[in-house]
Each structure stands twice: as C-alpha cells, then as structure tokens.
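Accompanying notes for the structure given below.
The values are calculated or read from the model by the stated rules, or taken from the named source; none is laboratory data. Since the structure is predicted, the reported quantities are computational estimates derived from the model, not experimental observations. Because the Cβ atoms are built from the backbone with ideal geometry, glycine has one as well, and the counts that use them run over all protein chains shown.
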Amino acid sequence: MVTHVMRLKIKTATVLRSSLTPEAMSNRFFPNPMPEFIPESTPSTQQELQEAVTVTTGGDSLLNLLAMPHAPLSQRLKRAALDLKETIVMETWGLTGQRVGDFTLYCGLLGTAFLLLKSYHVTCNTNDLALCSQIVKSCDAASLSSRDVTFICGRAGVCALGAVAAKHAGDDESLRYYLAQFQQIKLPKDLPDELLYGKGGFLWACLFLNKHLGQGTVPSSYTATVVDEIIKNGRALGQKRKCPLMFEWYGEKYWGAAHGLAGIMNVLMDMELKPDELEDVRGTLKYMIHNRFPSGNYPASDKDKKSDVLVHWCHGAPGMALTLVKAAKVFGDKEFLDAAMEAGEVVWSRGLLKRVGICHGISGNAYVFLSLYQLTGNTKYLYRAKAFACFLLDGAHNLISGGEMHGGDSPHSLFEGVGGMAYLFLDMVNPSQSKFPAYEL
Ligand SMILES: [Zn+2]
C-alpha cells in the first residue's frame with residue numbers, strides 16, 4: 001500500500017524530475033488577476049453598509065469583494081466558513097458513521113477537530129468545542145498503536161489537541177488523561193528530524209502544549225534532549241562555514257517547511273538554544289537566502305537548484321517566508337525581513353495555485369501575507385491576504401467543480417482540502433491574530 005508519506009514523496013520526486021517548460025509552470029497557478037492594491041471603501045450610511053454586506057455576485061464580484069470594508073467582508077467570510085464547517089463535519093464524521101480511517105491533522109479527522117476548535121474560538125459556540133472533544137476521543141482510540149509521533153501526522157497531535165480542548169472545556173479528568181498519554185509517547189531511534197514525521201514535528205506539539213497550558217507543561221529538560229539530537233544530526237551533515245546544519249529525509253536534503261530546513265529551523269527558533277546553536281540556525285538560514293533561485297523562490301532540496309517551480313508551504317517560498325518572519329523577530333536582522341518580503345512577492349505573483357489547501361494551495365499561501373502584515377503592520381499585506389481569500393470565496397467552488405482547481409485527494413481535509421480554506425476564512429475575521437495551522441504558534 002502506498003502510504004501518505006510515500007504519496008508525498010512520489011509526488012515531489014515526480015515534480016523534481018520532470019522537465020519543466022514555461023507551459024508546465026504556468027499550469028500550476030492562475031495568473032494573478034487582482035490589482036496591486038484596492039483601498040477599502042468606507043460606507044458612510046447604514047444603507048451603504050447593508051449594500052456592502054449583500055453585494056451580489058456577478059462579473060465583477062471579485063473586485064466588489066476586494067473593495068468591501070473589513071467588517072462586512074469578515075462577516076461574509078465567517079458565514080462561508082461556518083457553512084463549510086458543517087459540510088466538513090458531515091462528510092468526515094457524520095456520513096462515515098463516526099469511524100476513523102485517517103486520524104491525522106494533515107488529511108484526517110484531527111483536522112476536522114482542529115477546525116472545530118478554531119470555530120469555537122471565533123464564535124464561542126460550545127457545541128463546536130464539545131464536538132471537537134468527541135472527535136479527538138475517537139482519534140485517540142484510533143492512534144493508540146501508531147508509531148508516528150508528530151503534531152501534524154502523529155499521536156502527539158491527538159494528545160496535545162485533546163489536552164487543550166479539555167482545558168477549554170474545564171474537563172480536568174480528560175486533561176490529565178491526554179497529558180499522561182503525551183508523556184508515554186516514545187520517540188523511535190530512527191526518527192527523522194523534519195516536521196511532518198520527525199523530531200521537529202514532535203517538538204512543535206510540545207510548544208503547542210506549553211503555549212496553551214502554560215510554560216513547563218512539557219519541561220525544557222525533556223525537550224532539550226530532542227533539540228540536542230537535532231543539532232547533532234544537523235551538524236553531522238552540515239558544513240561549518242557554508243551551511244552549518246543540514247538534514248536528510250528519505251535520502252534527500254530537503255529545504256521546505258514540511259520535510260526540510262525551513263520547517264526544522266522554524267521549530268528550533270522557538271526552543272531554548274545555546275548561543276552557538278542559535279548561530280548555526282542563523283547561518284543555515286543565510287545559506288538558504290544566498291542560494292535561492294534568482295526569482296526569489298526557494299529550491300525544494302539542496303540538489304534542486306534548477307527547477308524553480310514549487311511555490312508551496314511544503315516546498316518553496318511560502319513556507320520559507322513564514323520561517324523568515326520568525327527569524328526577523330528572533331534575530332532582529334534586516335536581511336531576514338527583506339528576504340521574507342521578497343519571498344512574499346513570489347507568492348503574490350506565482351502563489352495563486354490551482355489547489356485549494358493549506359499545504360500546497362492558495363489557502364496556505366494566503367498566510368504568508370497575514371504573517372508579513374503582523375510583522376510589518378503594512379496594509380498592503382493585509383490586502384494581499386484578503387485578495388487570496390476573496391479569490392477563493394468568489395471562485396473556489398466553481399473552479400473545483402469545473403475541474404480547473406484541484407480540491408485535494410482528501411477533499412474535506414485541513415491540509416489538502418477545503419478544511420484549510422474554512423480555517424483561513426475564520427482567521428480572516430481577526431487577521432492580526434491569525435496563525436498558520438501547526439506552524440505558527
Ligand atoms: Zn504540500
């Protein structure tokens with residue numbers, strides 16, 4: 001059977017090997033039809049406000065949406081997200097007889113639970129929180145024997161989300177249960193270092209718990225051992241003056257957020273590092289900046305210096321942009337800020353992918369602009385996030401049903417399907433607080 005790991009790997013390898021004509025490249029994304037900037041209109045009367053809320057769809061509906069003031073637009077996005085959430089719950093939980101096939105956050109039921117928790121935060125609807133807890137409980141049973149340990153694809157995600165949902169619900173017994181289960185997770189000896197299946201993804205679950213349940217929930221004495229192993233592995237494959245840290249996943253030196261350097265550096269920057277370790281993180285990110293493609297995009301792997309194709313969170317500029325935003329905050333270094341903004345330009349011009357999801361779709365790419373907006377306060381980035389969200393709100397349904405946009409192999413999932421779009425729409429309600437799921441804390 002081809003597992004999800006292998007599917008990702010095969011897909012990536014296929015993309016990297018194929019000869020990429022300009023035609024093939026242009027087939028990956030829609031040319032961005034949206035103006036560089038449209039100022040929001042400010043309705044001066046109640047009637048104008050009402051018209052803004054009820055603006056009809058038509059030939060210029062996208063432009064109308066882009067000019068809409070934030071308040072009615074966010075209401076519209078929220079309404080679409082909540083409708084979508086109902087469909088997703090029905091498709092992934094109700095219609096399956098509440099059976100868990102895939103338990104993971106990435107393509108499985110935990111993604112539905114994560115969306116419900118987000119919905120609860122936006123609407124305070126306690127039914128969403130209760131359903132979230134119920135779904136996590138089923139994921140718990142389904143993942144007991146899983147050897148995968150990360151937040152996105154493994155058991156740590158189930159236990160961490162279960163604990164946080166229990167905390168919100170005031171359910172101390174479940175909280176203790178999930179924390180005890182989390183402590184029992186054993187990291188296999190041959191565990192890789194990357195985010196989706198490796199140590200980086202386990203550490204992210206620890207960070208998530210500490211953020212939502214209080215520092216020290218997972219003690220740093222415990223995470224330090226894991227950090228030490230990552231640094232040791234990275235130095236063994238890195239070169240001190242060139243690129244201090246390097247890692248392999250299935251024999252490939254990946255750069256992206258899902259399997260490579262961008263994702264591992266992103267997690268390390270949130271851990272307690274010794275000064276020389278922090279310097280190695282800085283040096284590794286500088287190596288990546290200095291060896292990116294002339295277009296400003298980032299290679300998928302260390303040997304992939306020619307195929308400037310993928311503009312995804314998993315591989316390419318979007319994931320790296322989020323990591324660089326973090327680096328700009330951690331190091332206060334202008335080179336990281338500039339590189340983050342340049343990666344953002346790549347996403348604006350080539351990031352309107354013919355896919356909907358978080359991992360390699362428009363929904364995930366929109367988060368680059370939200371992150372840059374939070375870092376810089378520049379409303380250009382808020383507009384761009386809004387533009388990608390409005391493009392989806394306006395056209396995703398028809399594009400997917402018409403076959404012009406891929407709705408994901410798991411079409412209702414968080415990372416590949418419309419679950420990610422619903423999550424983005426909910427984050428657009430309060431864009432200064434948005435967080436890329438399972439990547440930004
Ligand atoms: Zn992807």
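Could you tell me which numbered condition residue 326 fails, if it satisfies all but one of (1) within 15 Å of residue 266 (Cβ to Cβ); (2) over 17 Å from the mean Cα position of the chain (by Cα); (3) of a type in the set (Lys, Arg)?
(2)
If residue 300 passes every condition in (1) in contact with a strand residue (DSSP E or B) (Cβ under 7 Å, 6 or more places away or on another chain); (2) over 19 Å from residue 351 (Cβ atoms) but one, which one does it miss?
Of everything listed in (1) in contact with a strand residue (DSSP E or B) (Cβ under 7 Å, 6 or more places away or on another chain); (2) over 19 Å from residue 351 (Cβ atoms), residue 300 misses just condition (2).
Give me the residue from segment 195-215 that is part of a loop (DSSP other than H, G, I, E, B) and small (Gly, Ala, Ser) and, out of that set, nearest to residue 301 (Cα to Cα).
The selected residue is 198.
Taking the options 399, 353, name whichever one is crowded, with 18+ Cβ neighbours inside 10 Å and closer than 22 Å to residue 82 by Cα.
Every option except 399 fails the conditions.
Residue 178 - would you say it is within 23 Å of residue 107 (Cβ to Cβ), under 19 Å from the mean Cα position of the chain (by Cα), among the aromatic types (Phe, Trp, Tyr) and modelled with pLDDT of 95 or more?
When the stated conditions are applied, residue 178 does not pass them.
Considering segment 357-383 alone, what residues qualify as being within 16 Å of the ligand (Cβ to nearest atom) and under 15 Å from residue 33 (Cβ atoms)?
362
Listed residues 354, 334, 386, 435; which is modelled with pLDDT of 95 or more, among the charged types (D, E, K, R) and within 16 Å of the ligand (Cβ to nearest atom)?
354
For segment 216-240, enumerate the residues that are in a loop (DSSP other than H, G, I, E, B) and either in contact with a helix residue (DSSP H, G or I) (Cβ under 8 Å, 6 or more places away or on another chain) or surrounded by 14 or more Cβ atoms within 10 Å (Cβ to Cβ) (or both).
Of everything in segment 216-240, those that are in a loop (DSSP other than H, G, I, E, B) and either in contact with a helix residue (DSSP H, G or I) (Cβ under 8 Å, 6 or more places away or on another chain) or surrounded by 14 or more Cβ atoms within 10 Å (Cβ to Cβ) (or both) turn out to be 216, 217, 218, 238.
Go through (1) of a type in the set (Phe, Trp, Tyr); (2) within 16 Å of the ligand (Cβ to nearest atom); (3) closer than 16 Å to residue 371 by Cα and name the single condition residue 298 misses.
For residue 298, the exception is condition (3).
Kindly establish whether residue 311 is more than 16 Å from the ligand (Cβ to nearest atom), surrounded by 24 or more Cβ atoms within 10 Å (Cβ to Cβ) and within 22 Å of the chain's Cα centre (by Cα).
When the stated conditions are applied, residue 311 does not pass them.
Looking at this structure, is residue 247 surrounded by 24 or more Cβ atoms within 10 Å (Cβ to Cβ), part of a loop (DSSP other than H, G, I, E, B) and of a type in the set (Phe, Trp, Tyr)?
Answer is yes for this residue.
Only one of these conditions is not met by residue 328: (1) within 16 Å of the ligand (Cβ to nearest atom); (2) small (Gly, Ala, Ser); (3) surrounded by fewer than 24 Cβ atoms within 10 Å (Cβ to Cβ). Which number is it?
Result: residue 328 fails condition (1) only.
Can you tell me how many residues within segment 408-428 are more than 12 Å from the ligand (Cβ to nearest atom) and either charged (D, E, K, R) or touching a strand residue (DSSP E or B) at 6+ places or on another chain (Cβ under 8 Å) (or both)?
Going through segment 408-428 one residue at a time, the tally reaches 1.
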